[in-house]
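Bear in mind these aren't lab numbers, they're just calculated from the coordinates by the rules spelled out. This one's a predicted model, so the numbers in the text were calculated from it and none came from an experiment. FYI the Cβ positions are ideal-geometry reconstructions off the backbone, even for glycines, and counts take in every protein chain you see.
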Amino acid sequence: MCQYSKPYQNRVVPDRLHPSATGYVRGLYDFRGVEDQEVRETLEREFMRPVDTRAADLLHEMIAGERTMNNSEKRSAWTTFLLSLMMRMPEDIELHKERYLLDWYKTDPKRRKHYKKIWQPGLPVRVEDMIARFDPKEIEWRAMEALVPLMTNPRIGEFITRMKWGVLKLPTFAPILLTSDRPLIISNGLLNPDSHIIMPVGPKHLFYAVNDTRIATFLTVRNPSEMVLAINQAVTRQAVKYVYTQWDVHRDFVQEHMGTLQVPSLVERMRDTEAAQKGYKRLQRMRAKGLLP
C-alpha cells in the first residue's frame, strides 16, 4: 500500500509499504522502565492486541457481507475498537499521560481532606509529601492502565452500540477511498438525531453508524463520486502524520488537504477544559523547578 507523510517540512512524500509495516508505533503501550519484557508489554498483549485481532476478524466478515451487525457480542467488540480509535494515536497517548500526571500531582483542599481521613502513623503528614514519594514512571504505568476503562467506557459504548450500523459497498466505477491516522468521521456528537460515525474500512467499503435511518438512506443514494470526494477530504484534512491508499495516484490531493482541518481528539477535548488548563500551567511550573522530568 502507499503511505503518504510529510517528513520534510510541508512536502508530501509517498512510501510503498506492506500493510504489516504500517499503523503502529513500536512500544507505544509499553510500561517504560520495566526490564521484564512480559510485564512491559502487558497492556499491548492483554488488551490492545485482542481488540485489534477481534476487529480484524469482524472487518473481514463485514466486507464479506455477513450479518455481523446482528450479534450483540460482535457489536460490543467493534464498539470497543471504535472507542480505541478515538484516543489511542501516539499523540493522544502522550497527551493522556501528561493529563494523568497533572491530576496525580494536584493538591486541592478536597484531596487534602481525603488524605487526612486515610492517614496512618508512619505516613507523611502532608499529602504533598506523600505524592512526592511516587516515582513518575509508576504514575505513567497507572496512566497506561487507565486507558482500558476509557476505551471500554460503558456510557459512550452504549450510545454507539444502539446506533443503526451498516457497511456500504461502493460500485466498481466509484473512486478509491483513502484513510488516515484519523479515520473516524464523527458528526455532531453522538446523541443528536443527525449524529453519525463514518469510517472507510476498505478501498470500496464504508462503515457507518447513524441515529436516523434517513442518513443511511442518503449515503446509499448519493452520487458515489461526490461522496468519496467528501470522505477523502475529511480523513485527509484531519490526518496528523499519515494518509493511506492503494497506489501513489493521490499525491497532489493529499498535498492540498493533509492536516488542514485537524479535529481535536477525545483526549484533547478532555484536556481543553478550564481545570485542565490550570493543571497544565501547574505542571509546567513544577518542571521548571526541577521537580518533574
### Task
Note down the magnitude of the dipole of segment 74-219 about its Cα centre, charges +1 on Lys and Arg C-beta and -1 on Asp and Glu C-beta and zero elsewhere, to the nearest 20 debye.
540 debye
### Query
Most fluctuating residue of GLU35, GLU256, GLU91 in a GNM of the chain with Cα springs under 10 Å: which is it?
GLU35
### Message
Taking the Cα centre as origin and putting +1 on Lys and Arg beta-carbons and -1 on Asp and Glu beta-carbons, what dipole magnitude results for the chain, to the nearest 20 debye?
### Response
1100 debye
### Query
Which residue, ILE118, ILE156, ILE186, has the most motion in a Gaussian network model of the chain that connects Cα atoms within less than 10 Å?
ILE118
### Query
Of all the C-alpha pairs in segment 24-166, what % are more than 27 Å from each other?
40 percent
### Message
Placing +1 on the Cβ of each Lys and Arg and -1 on the Cβ of each Asp and Glu in the chain, which of PRO109, TYR244, LEU190 has its Cα farthest towards the positive end of the resulting dipole?
### Response
PRO109
### Task
Would you compute, from DSSP H runs of 4+ residues alone, the mean residue ellipticity of the chain at 222 nm, taking -39500 (n - 2.57) per run and dividing by the full residue count, rounded to the nearest 500?
-14000 deg cm²/dmol
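With 28 Å as the limit, write out which pairs from LYS74/LYS241; LYS97/LYS241; LYS74/LYS169; LYS116/LYS137 have Cα-Cα distances beyond it, or answer none.
LYS74/LYS241
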### Query
Which of rounded, prolate, oblate describes segment 163-262, given a ≥ b ≥ c as roots of the alpha-carbon gyration tensor eigenvalues and a/c under 1.5 marking rounded, otherwise prolate only if a/b is larger than b/c?
oblate
### Message
Compute the orientation-averaged projected area for the chain from the convex hull of its Cα atoms and round it to one decimal in nm².
### Response
18.9 nm²
### Alpha-carbon centroid distance for the pair segment 56-110 / segment 167-245, whole angstrom
19 Å
#### Entry: FRET efficiency estimate (nearest 0.05) - Cβ-Cβ, THR213 to ASN70, R0 22 angstrom
0.85
### Message
On a straight-distance basis, which aspartates and glutamates could pair with LYS113 in a cross-link, Cα separation under 19 angstrom, same-chain partners fewer than 8 positions away excluded?
### Response
ASP103, GLU128, ASP129
### Query
When the dipole is taken about the Cα centre of segment 163-262, and only Lys, Arg (+1) and Asp, Glu (-1) are charged at their Cβ, what size is it in debye, to the nearest 20?
200 debye
